[in-house]
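Peer 1: My questions all concern the structure below.
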Amino acid sequence: MNILFVGDIFGSAGRKIVREHIEHVRESREVDLTIINAENAAGGFGVTPQIAEELFDLGADVLTTGNHVWDKRELIEYLTSVPAESKERPRRVLRPANFEPGVPGYGVFEGTTDSGVEYAVIDLMGKVFMSGTNNPFLAANEILAGIKANVIVVDFHGEATSEKVAMGWHLDGRVTAVLGTHTHIPTADERVLPAGTAYQTDVGMSGPYDSIIGVEKDLVLHRFLTGMPGKFEAAKGNPKMCATLIACDPKTGRASTIQRLMLGE
Ligand SMILES: [Fe+2]
Ligand SMILES: [Fe+2]
């Protein structure tokens, strides 16, 4: 079976470029499971229920997020509008699973593809140079102990390359894929690890690349040059959709290939 993972959608430019390409990719690559990181889909900061619905309309099965998940407050109501056992769209929007216990929403979704394959998606966030998370390595152990599906995709939302590489090895042979998000720059290290886990340090942003990780470059440069605070706005120029395709055995969950995509205008 084929899995498509789309990296952090950033602002309207990111949504537009994904809208332009995703249908063709899903059809031509016979994609069975589509996962999108949507944490920056709303103007670069968070995701609204309306935008989440738009991404589901484009064929997403599960949306993951990261440190920006709470930027749009209205998402909290959406996440908590359905019970834990629901398979409805709001239950398919994940926040990092290793946040403090008791925060709204869920970090794991277990579902079944149209062709009847059980799968799980786990959203985890790093601890290095990030705040508000518990040990993601121990969290992964605990979560995996309760999952029955063999096809398991982990979005590891992290800042530090070392922590992401470590997670790849930690989960090799235990999940189908460990895909990094958050840095907004795709890495060229995609590979299938020896025990069958597809790994990439960062899938890269689906958004405007004439920017500083999605934000208007002049605004970020001003902050670096002066140290002064200022409003950040999503850039528009040079949009690319960055995504990664994984082929795996639907019975064992073992990955056979991983391929990175970068599609522009
Ligand atoms: Fe992001
Ligand atoms: Fe992030």
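The values are calculated or read from the model by the stated rules, or taken from the named source; none is laboratory data. All values derive from a computational prediction rather than experimental measurement. Using ideal geometry, Cβ is built from the backbone for each residue, glycine included, and neighbour counts are taken over all protein chains shown. Ligands, DNA and RNA are stripped out before the accessible areas are found, and what is left, the full protein with its side chains, is counted by its heavy atoms. Shrake-Rupley method; radii C 1.70, N 1.55, O 1.52, S 1.80 Å.
Peer 1: Using alpha carbons only, how many angstrom separate the centre of segment 55-108 from the centre of segment 168-203?
Peer 2: Segment 55-108 and segment 168-203 have Cα centres separated by 23 Å.
Peer 1: Summing -39500 (n - 2.57) over the DSSP H runs of n ≥ 4 in the chain and dividing by its residue number, what mean residue ellipticity at 222 nm do you reach, to the nearest 500 deg cm²/dmol?
Peer 2: Helix contribution divided over all residues of the chain: -7000 deg cm²/dmol.
Peer 1: Roughly how compact is segment 108-209, stated as its Cα Rg over 2.2 N^0.38 Å to two decimals?
Peer 2: The value comes to 1.05.
Peer 1: Here's a follow-up. For residue 222 and residue 129, calculate 0.36 nm times their separation in residues minus their Cα-Cα distance, and state this gained length in nm to one decimal.
Peer 2: Result for the pair: 31.2 nm of gain on full extension.
Peer 1: A further question follows. Using only the Cα atoms of segment 170-222, what semi-axes does the equivalent ellipsoid have when each is the square root of 5 times a gyration tensor eigenvalue? Give whole Å, largest first. Don't jump to the answer; show the numbers that get you there.
Peer 2: Numbers: eigenvalues 192, 14, 10 Å².
For segment 170-222, the semi-axes come out at 31, 8, 7 Å.
Peer 1: Next question. How much length would be gained if the chain were fully extended between residue 81 and residue 159, taking 0.36 nm per residue of separation minus their Cα-Cα distance, in nm to one decimal?
Peer 2: On the way: separation 78, 0.36 × 78 = 28.08 nm, distance 3.07 nm.
Stretched fully, the residue 81-residue 159 segment lengthens by 25.0 nm.
Peer 1: A further question follows. With +1 on the Cβ of every Lys and Arg and -1 on the Cβ of every Asp and Glu, and nothing else charged, how large is the dipole of the chain about its Cα centre, in debye rounded to the nearest 20? Walk me through the numbers before you get to the answer.
Peer 2: Details: 25 positive and 35 negative charges, 60 e Å.
Roughly 280 debye for the chain.
Peer 1: What are the ³J(HN,Hα) values, in whole Hz, obtained from phi via the Karplus relation 6.51 cos²θ - 1.76 cosθ + 1.60 with θ = phi - 60°, for each residue of segment 106-120 in sequence order, with x given for Gly and Pro?
Peer 2: Taking θ as phi minus 60°, the curve returns 9, x, 9, 10, 10, x, 9, 6, 4, 8, x, 8, 6, 9, 9 Hz for segment 106-120.
Peer 1: Also, quick follow-up: Using r as the Cβ-Cβ distance of residue 142 and residue 189, and R0 as 22 Å, what FRET efficiency do you calculate, to the nearest 0.05?
Peer 2: About 0.20, to the nearest 0.05.
Peer 1: Please state the charge dipole magnitude for segment 40-113, taken about the Cα centre, from unit charges on C-beta atoms (+1 on K and R, -1 on D and E), reported in debye and rounded to the nearest 20.
Peer 2: Values: 7 positive and 11 negative charges, 21 e Å.
Computed about the Cα centre, the dipole is about 100 debye.
Peer 1: For the chain, give me the percentage of DSSP beta bridges that are antiparallel, rounded to the nearest 5 percent.
Peer 2: Antiparallel bridges: around 50 percent, rounded to the nearest 5.
Peer 1: If you line up the Cα atoms of segment 59-136 on their principal axes, what length do they span on each, largest first, in Å?
Peer 2: Answer, in whole Å and largest first: 40, 25, 22 Å.
Peer 1: Okay, next question. Residue farthest toward the positive end of the dipole of the chain, with Cβ of Lys/Arg at +1 and Asp/Glu at -1: which of 44, 262, 126?
Peer 2: Toward the positive end, the furthest listed residue is 126.
Peer 1: In addition: With a 1.4 Å probe and all protein chains kept in place, how do 262, 1 rank by accessible area, largest first?
Peer 2: From most exposed to least exposed: 262, 1.
Peer 1: Rounded to the nearest 20 Debye, what is the dipole magnitude of segment 1-93 about its Cα centre when Lys and Arg each give +1 and Asp and Glu each give -1 at the C-beta?
Peer 2: 140 debye
Peer 1: Per residue, what volume in Å³ does the Cα convex hull of segment 146-265 take up?
Peer 2: Enclosed volume per residue, from the Cα hull, is 125 Å³.
Peer 1: Could you work out the pair-distance distribution P(r) of the chain from its alpha-carbon pairs, with 10 angstrom bin width and percents rounded to whole numbers?
Peer 2: The percentages, shortest bin first, are 8, 33, 39, 17, 3, 0.
Peer 1: Can you give the log10 of the normalised intensity I(q)/I(0) at q = 0.09 Å⁻¹, computed with Debye over equal Cα scatterers of segment 1-136?
Peer 2: Results for segment 1-136 at q = 0.09 Å⁻¹ read -0.25.
Peer 1: Using the structure shown, select from 16/87; 87/148; 127/164; 16/236; 72/217 the pairs with a Cα to Cα distance greater than 18 angstrom.
Peer 2: 16/87; 72/217
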